[in-house]
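As structure tokens, the structure follows; a few thoughts come after it.
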Amino acid sequence: MEKKPVSLAPDFREMVKVWKGGPYVPRAQVGEFSGGMLHPKTMANLDSRGEGPERVKYGKKVYYHVDKLAEWAEKRASGQQVA
């Protein structure tokens, strides 16, 4: 019997399913959403360079749609070029 390779990449789709914070993730809570894999300061730095996920700004606060954030994070974790 052949063993299938085990993927060590995080399952961000599962994170979307268990996220209880609504359809948007505040930048300040990306750590909670991702189980600590993402950090708000890192996201701010990536956003300033145009490398972060699509975002919404409301006043001074930044939010990410959970689906867009998960899609972006999956691509980044897999080493794909993220636009």
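No lab work stands behind these numbers, since they all come straight from the coordinates. Here the structure is a predicted model, which means the values were calculated and not measured. As a convention, Cβ positions derive from the backbone with ideal geometry for all residues, glycine included, and neighbour counts pool all protein chains shown.
Per-structure values
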quantity: Residue-wise HN-Hα coupling along the range 10-20, computed from phi with Karplus coefficients 6.51, -1.76, 1.60 (Hz; x: Gly, Pro); calculated: x, 9, 6, 5, 5, 5, 4, 4, 8, 5, 9
quantity: Cβ crowding within 10 Å averaged over residues, with 25-36, 64-75, 41-52 ranked highest first; calculated: 64-75, 25-36, 41-52
quantity: Modelled FRET efficiency - R0 22 Å, GLU14 with LYS57, Cβ distances, 0.05 increments; calculated: 0.20
